[in-house]
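Asks: Sharing a structure, written as structure tokens. Questions coming.
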Amino acid sequence: MKKAALVIALIMAILLIPTFTHAAVSPYFVAANDTLLPFNEDTMPYISGGEFFVPDIVFANVGVWSFHSVETERVLLVGGRKRLDFSISQGVTTDQDGAVFNCSPARRIGSRFYVPLAPVCEFFGLTWTSIEVPRSIIPNEQMWVLRIKSNAVFNDLSFIGINKEAIKSSYDEYYAPPPTTSPPPTTSPTPPTTSPTGSEEPTAPEEEPAPTYSDVTIYLSFCDIDAGSAVKILDTLNAPAATGQPSCFFISATGAAEHPELIRMISGSGHTIGIWLEKGSYAEYLSVSAILFEAAKQKTVLISSPPESALQAIRTAERYGLLYWGRPNSGGSPAEALDEFYESIPTGAGDRANILLRCTDEDAAILPGLLSYLREYEYSIMRITETTTQLADTPADNE
């Protein structure tokens, strides 16, 4: 009887092994916002008890950083001021206040750590969707994309259309090598935490209070509208997931003439419209004003200009009763040096700054991150209007 029981136990153990060793190899891609992540075991989820579990490292792509340790069987997720601490050995999860968080425990399979998708997303203010891949992309197998979102621009249908070639090539690349070939590991932003000296239980890193700048006013504005990029920017600003923010668009003569439909979209979304004077002349102002009124039945006395024509634009404003909005404290194209760009944003009590972006693909790409940064540090984000007092730091002060 003992031998029979042992045989049965061994058989059951063998049957259960694939559930954990191969469960991560699933027909699911993973995406973060508008980015399709590499299709390999480092990103693939698995399903247990009807619940999705995803590798902890994928959340770094939506601003939630992961720290895990094989030795201590622990996963720590940190996003802003929130924190989830998964103790795999104890099967308990706690938040930043030490309160028990009711969710399925994290899992470890080999050297990979998996956390429950739905409760983690809810805790950190994220959303997720499961999108079936059309058979026109992968004909012979039913596949899905798990898409985790913090500030996505494209809807799910557009995302699949944009990434259909990447989905097909990733699928083909993954299944093309022989079974003995392991896919290359992806780099992970997850340095392991170590146990404190002389202690069995790890101590969570002390969380320093993040600085806040609620007494610093930030104005967002855009110029040089381009059809494709301006739509992306509008989608981000109008998103309902707490990233949207009414802003100001300065329309040039060229932009107004070529894209009257964008003027209507901007106006209909509740954003302020100003006039961008490339040459700083009153004739230019009248020309754009006529197009603006025809397209959106709006008039404005709010103007701005590039630095080289600022002096002329200021004189035009003074002579004809217009409001010149001064040059930005921060601006240009921050996409190539985002950290330096953030450092240029003021932090002094009572400071005001105009962040001027251009309607380009590069600036559209960094806008979600910029909005998240401003909200993380609780800046007061305001819209430029015709009654807004102009910044003190204008070219007029430097004549």
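The values are calculated or read from the model by the stated rules, or taken from the named source; none is laboratory data. In this text, all values refer to a predicted model and were calculated from it rather than measured experimentally. Cβ atoms come from the backbone with ideal geometry, glycine included; neighbour counts cover every protein chain shown. The protein model used for the area step is the full one, side chains on, heavy atoms only, and it has no ligands, DNA or RNA in it. Shrake-Rupley method; radii C 1.70, N 1.55, O 1.52, S 1.80 Å.
Asks: Looking at the square roots a ≥ b ≥ c of the eigenvalues of the Cα gyration tensor of the range 48-165, which shape do they give, rounded for a/c under 1.5, prolate if a/b is larger than b/c, or oblate?
Replies: On the way: a/c = 2.47, a/b = 1.75, b/c = 1.41.
Prolate is the answer for the range 48-165, as a/c is 1.5 or above and a/b outweighs b/c.
Asks: For a test of the definition: using alpha carbon positions, the gyration tensor, and the 1.5 limit on a/c, classify the range 92-135 as rounded, prolate or oblate.
Replies: Details: a/c = 3.42, a/b = 1.50, b/c = 2.28.
Oblate, since a/c reaches 1.5 and b/c is not below a/b.
Asks: What are the residues whose amide H is under 5 Å from the amide H of E73, where those residues sit 5 or more places off or on another chain and H is modelled from the backbone?
Replies: Under 5 Å from the amide H of E73 lies no amide H from a residue far enough along the sequence or on another chain.
Asks: Another one. Going by amide H atoms built from the backbone, whose H comes under 5 Å of the H on A31, apart from near neighbours?
Replies: Here L37, L146, R147, I148 satisfy the definition.
Asks: When the chain is fully extended, how far beyond the present Cα-Cα distance does W144 get from S281, taking 0.36 nm per residue of separation? Before the final figure, lay out the partial values.
Replies: Numbers: separation 137, 0.36 × 137 = 49.32 nm, distance 5.56 nm.
My answer for the length gained is 43.8 nm.
Asks: Give the value in nm², to one decimal: projected area of the alpha carbon convex hull of the range 248-314, averaged over all directions. Numbers along the way, then the final one.
Replies: On the way: hull surface 15.5 nm².
Value for the range 248-314: 3.9 nm².
Asks: Roll a 1.4 Å probe over the protein heavy atoms and report the accessible area of E132 in Å², nearest 10.
Replies: Here the residue's solvent-accessible area equals roughly 90 Å².
Asks: If you count only protein heavy atoms and use a 1.4 Å probe, how large is the accessible surface of S309, to the nearest 10 Å²?
Replies: Roughly 10 Å² of S309 is accessible to a 1.4 Å probe.
Asks: Tell me, in nm to one decimal, what length is gained between Y175 and R135 on full extension, where the rule is 0.36 nm per residue of separation less the Cα-Cα distance? Don't skip to the end; give the middle numbers.
Replies: Numbers: separation 40, 0.36 × 40 = 14.40 nm, distance 1.69 nm.
Working it through step by step, the gained length comes to 12.7 nm.
Asks: Quick one: length gained pulling V100 to S214 fully straight, 0.36 nm per residue minus the C-alpha distance?
Replies: Working: separation 114, 0.36 × 114 = 41.04 nm, distance 3.10 nm.
Length gained, V100 through S214: 37.9 nm.
Asks: Follow-up question, since we're still on this one. Among the listed pairs K82/K149; K82/K232; K279/K299, which have their C-alpha atoms separated by more than 23 angstrom in this model? Working shown, then result.
Replies: Numbers: K82/K149 17 Å; K82/K232 29 Å; K279/K299 20 Å.
From the list (K82/K149; K82/K232; K279/K299), the Cα-Cα distance tops 23 Å for K82/K232.
Asks: Could you check the spin-label model distance between T387 and Y373? Points 7 Å from the Cα along Cα→Cβ, value in nm.
Replies: 3.2 nm
Asks: Check which residues have an amide H placed less than 5 Å from I109's amide H, if you skip close sequence neighbours.
Replies: It is Y114, by chain and number.
Asks: Classify the range 47-110 as rounded, prolate or oblate from the Cα gyration tensor: take a ≥ b ≥ c as the square roots of its eigenvalues, call it rounded if a/c is under 1.5, otherwise prolate when a/b beats b/c and oblate if not. Walk me through the intermediate numbers first.
Replies: On the way: a/c = 1.30, a/b = 1.12, b/c = 1.16.
Rounded, because the longest to shortest axis ratio a/c is under 1.5.
Asks: For L323, what accessible area in Å² do you get when you roll a 1.4 Å probe over the heavy atoms of the protein chains, rounding to the nearest 10?
Replies: It works out to around 40 Å².
Asks: Using each residue's phi in the range 290-295, evaluate 6.51 cos²θ - 1.76 cosθ + 1.60 at θ = phi - 60° and report the 3J(HN,Hα) Karplus result to the nearest Hz, with x for Gly and Pro.
Replies: Result, ordered by residue: 5, 5, 4, 5, 5, 7 Hz.
Asks: Could you give the nm distance between label points at I162 and Y320, where each point is 7 Å from its Cα heading toward the beta carbon?
Replies: Using points 7 Å along Cα→Cβ, the separation is 3.9 nm.
Asks: Suppose each label sits 7 Å from its Cα in the direction of the beta carbon; what would the T35-E258 distance come out to in nanometres?
Replies: Distance between label points: 3.0 nm.
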